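Student: To start, I am sharing the structure in question, which I have written as C-alpha cells.
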2 protein chains.
Amino acid sequence: MAQDARSGGEALLFLTDEQLRKGIEAMFFAYRGFTADPDRILQQYGYGRAHHRAVHFIHRSPGTTVNNLLGILGVTKQSLNRVLRTLIEDGLVESRVGTRDKRERHLFLTEAGIALERELSDAQRKRMRDAYRAVGPDAVAGFRKVLEAMMEPEYRRYFKSLKEGE
Amino acid sequence: MAQDARSGGEALLFLTDEQLRKGIEAMFFAYRGFTADPDRILQQYGYGRAHHRAVHFIHRSPGTTVNNLLGILGVTKQSLNRVLRTLIEDGLVESRVGTRDKRERHLFLTEAGIALERELSDAQRKRMRDAYRAVGPDAVAGFRKVLEAMMEPEYRRYFKSLKEGE
DNA sequence: ATTTTACGTCAGTGTTGTTGACATTCCAAG
DNA sequence: CTTGGAATGTCAACAACACTGACGTAAAAT
C-alpha cells in the first residue's frame, strides 16, 4: 500500500502516500474556503448549506421534481422536505402540482429566490474566479479533470450530462 | 458581473459565469465522492466526520495541543471536546498533561487510533490515487494550485507550512 | 496578587441528517 | 371497474454535531 518516496522517480512522485495525504488536506481546507462566503450570507437569512444546495439546483433546473432533487442531493426526502418547506413558506420557492402526474411537485424559484441564488452564487463565483485567475487556464483544466475523476460514477455521469451552460 | 460567453476569447472562456458554475458543482460532487469512503467506515464505528478530522490531524501532528487542533479544525472547543472525549474513552486517543506547561494537553493516537487512521486514510488515498492516475501529473499540479488559491489566507499559510511529508 | 491562558463541562439551541407512519395519486392485474 | 401495489410527497420524532453562553480549575504570565 505504501509507496516510498525514495523509490519514486519524478513521474511517480505525486503518488506517494505523503503527497496523497497533502492532497487530502488540500481538499479539506479548500472546501472550507469554498463554502465560507455562502455560509456567511446564509447565516444572515437563518439558512444553512442544505438551503443553498436546494436553491442552487432548482435554479439550475427549474421545474425539477422533489424526487429529481433527492437523487442529485443524495439525502432522504424527509430531510429535503424540511428545507423545501421553509423555502416555500418564506416565498423563495414555488411548488406546483404536476399536470401530467399529480403526485409530482415541480419546483421553481420566485423572484426572491432568484435574488438569493444570485447573491450566493456571485460570492462563490467570485472566489472561484479569483482562484482561476491566480493560476491560469491550464491549472483550471487539471483541477476540473481531477474533480471529475474523484466523483462517484453515478454522479459523474449526471455531472457530465449537464451542459456547460444550462 | 456577468461575463458573456460570446465576447470571451479562448483565453477567457473558463471565466464565464456558467463555466464557474460548473466548477462550483464539480467541487460539490467531488467533495462528496472524496468523503464517501471514510463516511462508510466511520459509520461502522459509530463515528462521524468530526472524529475523522480529529484523528487525521492528531496523526499528522502527534503531541499537538487542544488549542492547536481548535485552530486547524475551525470549530469551538465544546464541539471538539465532545469528539475528543469519546475518542479518549474508546481508547483511540491519549491525552497527556504537558510537561513544560501543565495547562496544555498533548494528544496522541494509541495503537487502535493509528489503526483506524490507517483504515480511513487508505480508503481516501486510494480514491485520490485512482483519480491522479486517471488524469496524469500535469492535471494534478493544476488541481493543487487551484485548491490552494481557494483556501482562506490564514489556512493557506498553515497548509503551505506543512512539509510535504510530515 | 491579579490577570490571562488553556482546558473541561453543563445547559440550551439550531441545522441537518435519519427512520417510521401516513396520505395521495397513478397504474396495472384481475 | 375495482383493487392492490408502487411512486410521490408530507408530518412527527429522534440523533449527530455544530453553535453560544456561563462557569470552574489549574497554571502561567504580569
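Student: Per residue of A:121-128, count partner chain C-beta atoms within 10 Å of its C-beta, then hand back the mean as an integer. Kindly include the intermediate steps, with their values, before the conclusion.
Tutor: Details: counts 4, 3, 0, 5, 12, 2, 6, 11.
Across the residues of A:121-128, the mean count of other-chain Cβ atoms within 10 Å is 5.
Student: So, in nm, how far is label residue B:157 from label residue A:104 when the simple model puts each one 7 Å beyond its Cα toward the Cβ?
Tutor: For residue B:157 paired with residue A:104, the spin-label model returns 5.3 nm.
Student: Pick from B:136, B:91, B:48 the residue whose mean-square fluctuation is largest in a GNM of chain B, springs joining Cα atoms under 10 Å.
Tutor: Per the Cα network of chain B with a 10 Å cutoff, B:136 tops the list.
Student: Still on this structure: Just counting partner chain Cβ atoms within 10 Å, what average do the residues of peptide A:31-39 show around their Cβ? List each step's numbers first, then the result.
Tutor: Numbers: counts 9, 6, 10, 9, 3, 5, 1, 1, 0.
Per residue, the number of nearby Cβ atoms from other chains is 5 on average.
Student: With the other protein chains left in place, how much accessible area per residue, in square angstrom, belongs to chain B at a 1.4 angstrom probe?
Tutor: Numbers: 8610 Å² over 166 residues.
The answer is 52 Å² per residue.
Student: Working from the alpha-carbon coordinates of chain B, get Rg over Rh, Rh being the Kirkwood radius.
Tutor: Values: Rg = 19.5 Å, Rh = 18.4 Å.
Result for chain B is an Rg/Rh of 1.06.
Student: Here is a follow-up. Mean 1/r over all different Cα pairs, inverted: what Kirkwood radius does segment A:68-166 give, in Å?
Tutor: On the way: mean 1/r = 0.0611 Å⁻¹.
Value: 16.4 Å, from the Cα pair sum.
Student: Distances from residue B:48 to the same residue in each other copy, label points 7 Å out along Cα→Cβ, in nm, shortest first?
Tutor: Result, one decimal in nm: 0.8.
Student: Given an 8 Å cut-off on Cα distances and at least 6 residues of separation, report the relative contact order of chain B as a percent.
Tutor: RCO, chain B: 19 percent.
Student: I need the inter-copy label distances for residue B:153: point set 7 Å along Cα to C-beta, values in nm with one decimal, smallest first.
Tutor: Reported distances to equivalent positions: 4.5 nm.
Student: Buried accessible area between B and A (1.4 Å probe, both chains summed, ligands and nucleic acids excluded), in Å² to the nearest 100? Write down the numbers at each step before the final one.
Tutor: Numbers: alone 12080 and 12030 Å², together 17170 Å².
The B and A chains share an interface burying roughly 6900 Å².
Student: About the Cα centre of segment A:67-166, what is the dipole size in debye to 20, counting +1 per Lys and Arg Cβ and -1 per Asp and Glu Cβ, all else neutral? Provide the component values of the computation, followed by the final result.
Tutor: Values: 20 positive and 16 negative charges, 52 e Å.
About 260 debye.
Student: Which pairs, out of A:77/B:22; A:102/A:160; A:126/B:160; A:126/B:145, put more than 19 Å between their alpha-carbon atoms? Mind showing how you got there, number by number?
Tutor: Numbers: A:77/B:22 25 Å; A:102/A:160 30 Å; A:126/B:160 23 Å; A:126/B:145 17 Å.
Result: A:77/B:22; A:102/A:160; A:126/B:160 exceed 19 Å.
Student: Using a 1.4 Å probe on the protein chains only, how many percent of the accessible area of segment A:15-135 belongs to carbon and sulfur? Present the calculation step by step, with values, prior to reporting the outcome.
Tutor: Details: 2740 of 5720 Å².
Carbon and sulfur: 48 percent of the exposed surface of segment A:15-135.
Student: Determine, from the Cβ-Cβ distance of residue A:122 and residue B:76 and an R0 of 35 Å, the FRET efficiency 1/(1 + (r/R0)^6), rounded to the nearest 0.05. Don't jump to the answer; show the numbers that get you there.
Tutor: Values: r = 29 Å, r/R0 = 0.84.
About 0.75, to the nearest 0.05.
The values are calculated or read from the model by the stated rules, or taken from the named source; none is laboratory data. It should be emphasised that the depicted structure is a prediction, and the values quoted were computed from it without experimental measurement. No Cβ is skipped: glycine too gets one built from the backbone with ideal geometry, and neighbour counts run over all protein chains shown. Ligands, DNA and RNA are excluded from the accessible area calculation, which covers all protein heavy atoms including side chains. Shrake-Rupley method; radii C 1.70, N 1.55, O 1.52, S 1.80 Å.
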